[in-house]
Number of protein chains: 2
Amino acid sequence: MDLHAVILAGGRGERFWPLSRNRRPKQLLALLGEESLLESTLGRITPHVSPTRIWIVAGADLQSEVESLSLGVPPGQLIWEGVGRNTAAAIGAAAESVLVEGDADLLVLPSDHWISDAAALWQTIEMGRALLEQGHALVTFGIRPLYAETGYGYIERGEPTGPGSGSWRVACFHEKPGPEQAKTYLRNGNYYWNSGIFLFRAGTIAQLLRRHVAGMDQALDRLRKDLRDGIDPAGWLRYFEASPAISIDHGVMEKADSVAVVEARFGWSDLGTWTSIAEHLPENAAGNRTRGEVLAQDSNNCILVSDGDGLLAVVGVKDLVVVRVGDATLVCPKSRVQDVRAIVQEGKSDARLRRFF
Amino acid sequence: MDLHAVILAGGRGERFWPLSRNRRPKQLLALLGEESLLESTLGRITPHVSPTRIWIVAGADLQSEVESLSLGVPPGQLIWEGVGRNTAAAIGAAAESVLVEGDADLLVLPSDHWISDAAALWQTIEMGRALLEQGHALVTFGIRPLYAETGYGYIERGEPTGPGSGSWRVACFHEKPGPEQAKTYLRNGNYYWNSGIFLFRAGTIAQLLRRHVAGMDQALDRLRKDLRDGIDPAGWLRYFEASPAISIDHGVMEKADSVAVVEARFGWSDLGTWTSIAEHLPENAAGNRTRGEVLAQDSNNCILVSDGDGLLAVVGVKDLVVVRVGDATLVCPKSRVQDVRAIVQEGKSDARLRRFF
């Protein structure tokens, strides 16, 4: 069975404002190095999957930004979300696109995560493909928790899929836990962080979306017809508009039987906030993690980011996140990085300020 | 006796970085309204002093910036400090310039202070001119202290110059005090803040500079000759280079006999730091004082400045000063605003960062 991959490049990454902006979302930013997170994600799979079998789902408003990256993926495999409808609809779009030519394994990858080791990623994915061969319908990839994180969903494992297989049947999916629950999960040993990476046959997921997600059947049937006739951005818009907004986790994974979890052999982070990004920045003697031109006097344990040709100077502060990018600056305590999204939403709702987001 | 005025527009106002920059010093900034502090200062005296009797001393490197303001002062009355040499040399330059045409009263005004009421200022100055008529050699203007400020010099008054005159002989000048000393001054009632505004005859101050400041006699004698021959920027540079760097307070006022102090009838601030500027910004319900586009969530008692077309957003902070101007942002606690100068000096000493200062 051939292997296709779909990279989910929707979303905005609002918690990275002011580095992320409406037209420069997180996955298009070089948060960790020279290339964008989307390019890094693509770079991890192109040694194993031909660009002719890679699909990218991205916001239609970002078409020119995505196309300017020279990703090497044929234009017909770029799927434009005219409206954002979460991951179930995006994966359905990719699955039906694959199915035009016949069934195949379909690997789903978020575009904006950090993965420590592409070879280990691939080893783990091959374990997942073997599970599909053995008849498991859906494969998830679980990250052994390093601490009691409350920002991730968890996967509880059940029986092993075989002796020493390194994979298990999924007992249950769990929503983001509270702090106490997260500690219990961490101690228990049978819980994984849900990496958001999935593997299944295109035909299987298309069928399960139709079965479990109300309204997906008509949307997918219409899409199947449009794809055969040759789809255009208006067709994609129609499809996404017709699709319910639901994640693949809620829509399918939690409802399906025969879900397996492979324990990841790679380091992983969803790079969800400035504090998680900062773990990848060098720490100086004062405990500050900085990027760009920064002057810090008598300041400790801060995350200090200055982008492009500009300077950030701090005096006498601690435990702060300060991000200076172009025409905007954000200041918040490290403990409040989750609240950046709220200020972005407040800003976007103000016509006078919208241009800064 | 005619009245001339000299506006001292040297200095950089480094504590206002990043709003102030090397080529955009504090006195050229519109810190309090639509016009620069220099223009406001000029506006307070032009109703009373003809522009042909106003002198401005400014840094030679700021010539194009100052000339672009259309101040209405004849070009020959702009005195360019080729090198900064503090106030004694600047006042000496103005005094000798006045003396080319004959003696006159000379009013000295800093260019970068706030004064509440120009009419009250003028009333106070007229009291000073009367003292000159009565034979007092040097007149200072004292501000009744509002709190135990440690950032100002103090003037201790002695005997009244006359019954109910509102002016006194100066008993002593005092350097910036420690906190306890400042409280004593405040309670005592005989101490004023030194406003930095002075009044004397041009001939008197030129004579006292020659008498009390070592090296000023040769510098002023050479200047007198250069002024008669027609001075050029090279001549000004020679003069300032030959002059000692000392303030008029240390150089003359503290050493002279016959110094009087007039109690000011106007509100005054030297606008020395972000906290003193902020007193002139409106305070909102959360205790924040803001200027420009600012989004503040769950933040209190901050000074938040965003200049030009840009946005400053803060979440969950308090008692901070954050200033976002163009390519630079400063963050420091309110209690550390005096330390901004130190970070500017560190930045200027770093070739890689100098462009931001």
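What to note about this one:
- Each copy carries a label point for A:D319 at 7 Å from Cα toward Cβ; from one copy, the others' points are 1.3 nm away, ordered from shortest.
- Largest mean-square fluctuation among A:T87, A:T46, A:T140, in a Gaussian network model of chain A whose springs join Cα atoms under 10 Å apart, belongs to A:T46.
- FRET E, pair B:N301, A:E34, Förster distance 41 Å, beta-carbon r, rounded to 0.05: 0.50
- Shown here for the stretch B:108-149: chymotrypsin sites (Phe, Trp or Tyr not before Pro) in loop regions (DSSP other than H, G, I, E, B) with at most 12 other Cβ atoms within 10 Å, namely B:Y147.
- Extension gain, B:A286-B:R222: 0.36 nm per intervening residue step, less the Cα-Cα distance, totals 17.2 nm.
- Between B:N188 and B:D229, the FRET efficiency estimated from the beta carbon spacing at R0 = 35 angstrom works out to 0.10.
- C-alpha center-to-center spacing [the stretch A:197-238, the stretch A:256-319] in angstrom: 38
- Summed over the residues of the stretch A:74-158 and divided among them, the accessible surface reaches 33 Å² per residue at a probe radius of 1.4 Å.
- With a simple spin-label model that places each label point 7 Å from the Cα along the Cα-to-Cβ direction, the separation between A:R169 and B:S64 comes to 7.9 nm.
- Inter-chain Cβ neighbour average for residues B:330-336, partner chain, 10 Å: 6
- Summed over qualifying helices (DSSP H, 4 residues or more, each -39500 (n - 2.57)) and divided by its residue number, chain B shows a 222 nm mean residue ellipticity of -8500 deg cm²/dmol.
- Taking the label point 7 Å along Cα→Cβ, A:L237 and its counterparts in the other copies are spaced 6.5 nm apart, in ascending order.
- Gap separating the Cα centres of the stretch A:50-105 and the stretch A:332-350, nearest whole Å: 30
- Of the trypsin sites (Lys or Arg not before Pro) in the stretch A:178-286, those whose Cβ has at most 11 other Cβ within 10 Å and which sit in DSSP loop: none
- GNM result for chain A, Cα springs below 10 Å: residue of A:R53, A:R129, A:R336 fluctuating most strongly: A:R336
- Chains A and B together, accessible area buried on both sides, 1.4 angstrom probe, square angstrom: 3100
- Candidates B:L99, B:L78, B:L295, ranked by Gaussian network fluctuation over chain B, Cα under 10 Å, top entry: B:L295
- Formal net charge of residues neighbouring A:E279 (Cβ-Cβ distance under 14 Å; K, R +1; D, E -1): 0
- For the stretch A:207-252, averaging the sequence separation of C-alpha pairs within contact (under 8 Å, six or more residues apart) and dividing by the residue count gives a relative contact order of 51 percent.
- Surface per residue (accessible, 1.4 Å probe) for the stretch B:231-357, Å²: 39
- The GluC sites (Glu not before Pro) of the stretch B:110-199 meeting both criteria, a DSSP state outside H, G, I, E and B (loop) and at most 15 other C-beta atoms within 10 angstrom of the site's C-beta, are B:E175.
- Of all chain A residues, the one whose C-beta is nearest the axis that brings A onto B, in angstrom: A:T329, 2
- Residues in the stretch B:92-108 carry Karplus couplings, in order, of x, 4, 5, 4, 5, 5, 5, 5, 4, 9, x, 5, 6, 5, 10, 8, 10 Hz; the curve used is 6.51 cos²θ - 1.76 cosθ + 1.60 with θ = phi - 60°, and Gly or Pro positions show x.
- Cut-off 11 Å between beta-carbons: net charge of the residues surrounding B:E263, Lys and Arg +1, Asp and Glu -1: +3
- Label point of A:K225 (7 Å along Cα→beta-carbon): distances to the other copies' equivalent points are 10.2 nm, sorted ascending.
- Share of carbon and sulfur in the accessible heavy-atom surface of the stretch B:316-357 [1.4 Å probe, %]: 47
- FRET efficiency for A:E279 and A:E241, using Cβ-Cβ distance with R0 set to 30 Å, rounded to 0.05: 0.20
The values are calculated or read from the model by the stated rules, or taken from the named source; none is laboratory data. Every value quoted in this text rests on a predicted model; they were computed, and no experiment measured them. Quick reminder, even Gly has a Cβ in these numbers, built from the backbone with ideal geometry, and neighbours come from all protein chains shown. When the accessible area is computed, the model is the full protein with side chains, heavy atoms only, and any ligands, DNA or RNA have been set aside. Shrake-Rupley method; radii C 1.70, N 1.55, O 1.52, S 1.80 Å.
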